[in-house]
Structure formats: C-alpha cells, structure tokens
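J.: Supplied in structure tokens, the structure appears directly below.
The values are calculated or read from the model by the stated rules, or taken from the named source; none is laboratory data. Bear in mind that the values here come from a model prediction, so they are computed numbers and not experimental data. With ideal geometry, Cβ positions are generated from the backbone for all residues, glycine too; neighbour counts draw on all protein chains shown. The accessibility values were calculated without ligands, DNA or RNA, using every heavy atom of the protein model including side chains. Shrake-Rupley method; radii C 1.70, N 1.55, O 1.52, S 1.80 Å.
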Amino acid sequence: MEYFVNCNTAPLTPYATPLDKTRAEHLFRRAGFSASVQSVDQAVGQSAGALVDNLINGALSLPPLPAPAWQDWNRLNYPADDDAARQLARSQVASWRLDYTQSLLDNNLRDRMSFFWSNHFVTELEIYNSPSYLYYYTDCLQRNALGNFKTFVSEIGLTYAMLYYLDGAYNNGDNPNENYARELYELFTLGEGNGYTEQDIIETARALSGYTERGEEQWDPVTFDISTFDPGSKTILGQTGTWGYYDVIDILFDQRANEIAEFICRKLYEYLVHPDSDDATGNAQAIISGMASTFVSNNFELAPVVSQLLKSQHFFDDNAIGVIIKSPFDYYLNFINETGFAYDDTNLSFAIESSRLIGQELFEPVDVAGWQRDRQWINTNFIIGRWLTIEVMIQGFYQNNAEQFRTLAMDAVGPADSNTSNPETVVRALVDKLLPKGLLTDQDFENAMDVFKIEDVPENYYGSDYIPGGLGLWMLAVSPEVPQQVFLLLMYLSRQPEFQLK
C-alpha cells in the first residue's frame with residue numbers, strides 16, 4: 001500500500017469549478033458511503049456549494065430511525081428463562097444492526113457522521129448489553145450528528161449506554177468514579193493532557209455524580225438520585241462552585257472553547273480529508289485552525305464547519321482524493337452503492353459479519369479510544385480477509401442476477417457508449433468508477449484489459465467497426481459473455497491496492 005504524505009496546500013476557500021465526475025465521486029465517498037452511477041452523473045456539473053448544501057440540509061431534516069417496539073424493554077419484558085431472554089435480545093440487536101446499516105447505505109452525510117461519532121463517543125455493546133440502551137444511544141448519535149456539539153456532549157453522557165459503559169451509573173458522591181470525567185476531557189472534548197489537570201478530573205467526577213438510580217430491574221432507565229450527588233464546592237478548570245452535571249458542560253465550553261474546537265476539527269479533518277493532519281509539507285494545520293474559528297463563532301454548531309470543509313478547495317484538491325484506506329464498512333457498502341446491484345438483508349448481514357471478521361464490529365469498537373482507522377485496517381490477515389469476502393459478495397451478486405453486471409457496465413460508460421464494441425471504453429469506465437485514483441500504471445490497466453477480454457476469439461471480434469457478413473462483433477449491450485467479463489473484471493479489481501482506497 002502506497003504511503004500518502006499530506007502535501008495538500010490548497011486553501012479553505014470555496015471550490016468554484018463545477019464538479020467533474022472524479023470530484024463528485026470523491027464527495028460521495030467521503031460524505032456518505034459512495035453513490036450510484038446515476039447519482040454521480042446528476043452531480044456532475046453542479047457547484048460544490050449547491051451539492052454540499054443539499055447534503056447538509058438533507059442530513060439536518062432527516063428523522064432518526066423509528067423506535068423499535070422494544071425501545072423501553074427491561075428484563076421483565078423478556079422470557080424468564082435466561083437463555084431464551086439472551087436469544088431474543090440478540091435477535092433484536094441483529095435487527096437493529098441491519099436497520100442501522102441500511103441507514104448507512106441510504107442516508108449520505110447524516111449517517112456518515114453518526115458512524116463517525118460512534119467511534120468518538122465510544123460505547124461497547126458487550127459491556128451494557130441492552131437492546132433498549134443501544135436504541136437510545138444510536139438515536140442520540142443520529143439526532144446530533146450535525147447538530148450542536150455542546151448539546152451532543154451533554155446528551156451523550158446521560159445515555160444509558162454511556163452511563164453503564166464508563167461507570168457513571170455507579171458514580172456516588174461519597175466515592176466518586178472518575179472514568180467518565182477522564183474520558184470527557186481526554187477523548188471526547190479536549191484531547192489527552194490538553195488544558196485540564198488530574199485535580200480537574202477528580203473535581204469533575206464529584207460534579208457528575210448522582211446518576212445512579214438504576215431501577216428495580218435489569219435494563220431499567222438510569223435517573224438522577226439527589227442522595228448520591230456530592231453537593232459540596234468544587235473547582236473545575238479554575239471555576240469554583242457547587243457544580244453539577246450541566247454546570248460541568250457549561251464550564252468546559254466556556255473555559256476551553258478553543259481547545260475543544262481544535263481537537264474536534266482535527267478529528268473531522270482526519271476523517272473527511274486526510275489521515276495525516278500534522279504533515280509539514282501541507283497546510284492541514286491552517287485548515288484546521290480555520291475550521292476551529294468557524295466552530296467557535298457558530299457556537300459549536302457542527303453543520304457550518306462540515307459545510308465549510310466539504311465545499312473547500314482543500315477538500316477537492318487532487319492530494320485529498322483516494323488517500324484514505326476504506327474501513328470495512330466502507331469496503332462493502334461503497335461497493336453496493338457504486339454498483340447498484342440488487343441486495344437484501346442477507347447481503348447486508350454478510351457485510352456486517354465480514355466487517356467484524358476484518359476488524360470492525362458494529363457497535364463494538366475495540367476500546368474506549370475506538371478504532372484507529374486508516375492504516376490499522378490493513379495487515380496480512382485483514383487484507384486476505386478483505387479479498388476473500390469481497391469475492392464472495394461479488395460471486396453472490398453474479399449468481400443472483402448476472403445481467404446486472406452488464407447493466408453496471410452500460411451505466412458506467414454512459415448512453416453514448418452503451419453498445420460500444422471497444423472493450424477499453426468499458427474497462428476504463430469501470431476502473432474510474434470503482435478506483436478513486438484509477439490504476440497506478442499503464443501495465444496495470446493492460447492487465448485489467450487482459451482479464452476482461454475473452455481469449456481465443458477471432459481477430460475482428462473486438463473493434464469499432466461492424467463488418468457485414470463477417471464473423472460478428474462483440475457489443476456491450478448484446479454479447480452474451482458481457483456479464484461474465486464484467487464479473488471477472490470486478491473480481492480482479494477487488495484485489496488491487498487501489499481498491500482499498502477512498
């Protein structure tokens with residue numbers, strides 16, 4: 001895998017050139033889980049500003065996933081038998097994983113961002129193990145994905161999943177638990193050692209105490225119990241008072257606004273633009289500083305910052321395209337969206353399970369710091385797992401409906417070439433569609449051509465001129481072997497290093 005140095009020197013000012021296909025695809029890969037040929041074609045020629053505004057507005061207006069019937073279930077709603085209860089809970093979680101994965105496929109920027117936040121405000125399902133808690137956690141991620149970050153921080157800390165995951169549900173004022181206070185600063189808002197002390201953590205833990213009323217049954221809601229709150233005076237980030245939970249959030253955002261903005265904007269930059277934000281050859285720091293200024297001046301609203309970044313010359317610069325390694329979910333979901341192949345819950349379940357096998361289990365990040373992304377997705381075991389699982393997915397689509405492979409090729413080349421007799425036109429279109437930077441060398445492309453072409457055919461089988469009465473001519477729209485040719489090409493491309501990038 002080529003190592004991409006971040007030498008992007010483009011500014012944060014708006015990208016004014018109408019989008020070409022490469023840049024439209026780039027936007028959809030970063031602001032969603034890619035897009036169909038048709039969606040990209042519709043975006044070509046639009047301004048970045050108009051397209052990003054549409055994505056932002058769509059994300060802000062989109063309701064979260066509908067609540068399941070079991071949203072408020074506690075242990076009494078499940079069978080008395082423990083094994084039967086566990087089996088039912090597992091089936092509910094599996095159903096919710098499918099629903100959320102469908103949202104990732106469908107909802108562009110909203111769930112691209114909710115997915116990002118699930119790896120920022122980390123919880124692990126295996127710790128709290130409640131379908132109800134998982135629903136409310138996911139709902140919080142979706143509702144706040146592009147909303148106000150201060151509100152988001154305030155809400156996420158009181159989700160039942162978080163209260164159990166980082167021990168807030170056991171934070172008694174007479175014996176404070178520091179877990180959530182530490183991660184609130186270190187991982188969620190400021191960054192490790194950035195603008196807080198160990199004493200701030202101790203005092204903050206006291207202020208966050210009291211959310212310990214856990215109900216009578218397993219998986220009951222967690223509520224505030226005044227008797228377990230520490231009412232004494234605390235000094236937090238230089239401010240002294242009898243602070244409680246919401247006071248902590250106010251003090252944090254009042255006293256450390258710039259530090260929060262810098263930390264969050266750096267994470268957004270590394271997620272949306274380039275994994276290396278501190279490379280001296282580019283101007284990532286200037287971009288992050290500009291984003292941070294926008295974040296603070298907009299009272300920590302996320303939409304203006306994300307909008308500014310996605311509209312920028314920096315985002316659309318050649319040095320930003322194809323430089324992030326796909327996460328497992330990118331790997332499978334991008335392929336589904338880009339090909340437009342018909343899929344069902346079986347395909348989505350395969351993508352979810354395959355992602356787990358190669359390092360990304362949905363709702364189960366590796367630890368409180370989350371997946372470290374990018375180059376961590378690639379090692380000897382994972383790359384082999386990627387190859388084998390994507391091949392199984394491609395084979396499944398082919399066995400289900402081979403003709404959709406012809407349709408993909410015809411869509412990719414466009415109406416003018418939908419019945420071309422030139423295989424290079426087809427291979428070029430599919431390479432450009434599926435690989436953000438194309439193939440590295442001319443020889444790599446020739447190798448792809450060799451895979452696509454059928455051996456032992458007459459001399460005039462391929463070409464651009466039909467010969468009346470001759471041996472016949474290969475034509476994209478009608479030749480019976482086309483689906484198999486496209487299938488073999490996709491199998492070949494899926495093993496290329498460039499296929500791992502977005």
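J.: When the residues of the range 222-247 are filtered to those that are open to solvent by 20 Å² or more (accessible area, probe 1.4 Å) and in a strand (DSSP E or B), which remaining residue is nearest to Asn172 (Cα to Cα)?
T.: It comes out as Thr223.
J.: Cβ-Cβ below 7 Å, separation at least six or inter-chain, first residue in the range 161-176 and under 11 Å from Arg214 (Cα atoms), second open to solvent by 50 Å² or more (accessible area, probe 1.4 Å): which pairs?
T.: The qualifying pairs are Tyr164/Ile127; Ala169/Arg214.
One line per residue, one yes/no per condition, for (1) over 17 Å from Leu104 (Cβ atoms); (2) of a type in the set (S, T, N, Q); (3) touching a helix residue (DSSP H, G or I) at 6+ places or on another chain (Cβ under 9 Å):
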position	(1), (2), (3)
Asn337	no, yes, yes
Tyr343	no, no, yes
Leu348	no, no, yes
Gly385	yes, no, yes
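J.: Next question. For the structure I just gave you, tell me whether Gln395 is farther than 15 Å from Leu493 by Cα and in a helix (DSSP H, G or I).
T.: Considered against the rule, which asks whether it is farther than 15 Å from Leu493 by Cα and in a helix (DSSP H, G or I), Gln395 comes out as no.
J.: Given (1) open to solvent by less than 10 Å² (accessible area, probe 1.4 Å); (2) more than 14 Å from the chain's Cα centre (by Cα); (3) of a type in the set (Phe, Trp, Tyr), where does Tyr100 come up short, assuming only one miss?
T.: For Tyr100, the failing item is (2).
J.: Condition first: touching a residue at least 60 places away in the same chain (Cβ under 8 Å), assigned to a helix (DSSP H, G or I) and more than 23 Å from Ile288 (Cβ to Cβ). Now tell me which residues in the range 6-39 satisfy that.
T.: Selection gives Lys21, Thr22, Glu25, Phe28, Val37, Gln38.
J.: Moving on. Right, Glu203: more than 22 Å from Trp96 (Cβ to Cβ), in contact with an Asp or Glu (Cβ under 9 Å, 6 or more places away or on another chain) and either acidic (Asp, Glu) or open to solvent by less than 10 Å² (accessible area, probe 1.4 Å) (or both) or not?
T.: Here the answer is no, as Glu203 does not meet what is asked.
J.: Give me the pairs, please: first residue somewhere in the range 286-306 and surrounded by fewer than 18 Cβ atoms within 10 Å (Cβ to Cβ), second residue anywhere and in a helix (DSSP H, G or I), beta-carbon distance under 6 Å, and either six or more positions apart or on two chains.
T.: Pairs found: Val296/Ala257; Val296/Ala261; Asn298/Pro304; Pro304/Thr294.
J.: Among the residues of the range 426-446, which ones are touching a residue at least 40 places away in the same chain (Cβ under 8 Å), open to solvent by 20 Å² or more (accessible area, probe 1.4 Å) and in a helix (DSSP H, G or I)?
T.: Asp432, Asp444, listed by residue number.
J.: Residues in the range 339-349: is at least one within 24 Å of Ser47 (Cα to Cα) and open to solvent by less than 10 Å² (accessible area, probe 1.4 Å)?
T.: no
J.: Taking into account only those residues within the range 315-361 that are of a type in the set (Asp, Glu) and not in a helix (DSSP H, G or I), which is nearest to Lys433 (Cα to Cα)?
T.: If we take residues in the range 315-361 being of a type in the set (Asp, Glu) and not in a helix (DSSP H, G or I), then Asp317 is nearest to Lys433 (Cα to Cα).
J.: Applying the selection to the range 265-285, what residues are hydrophobic (A, V, I, L, M, F, W, C) and touching a residue at least 12 places away in the same chain (Cβ under 8 Å)?
T.: Cys265, Leu268, Leu272, Val273, Ala284
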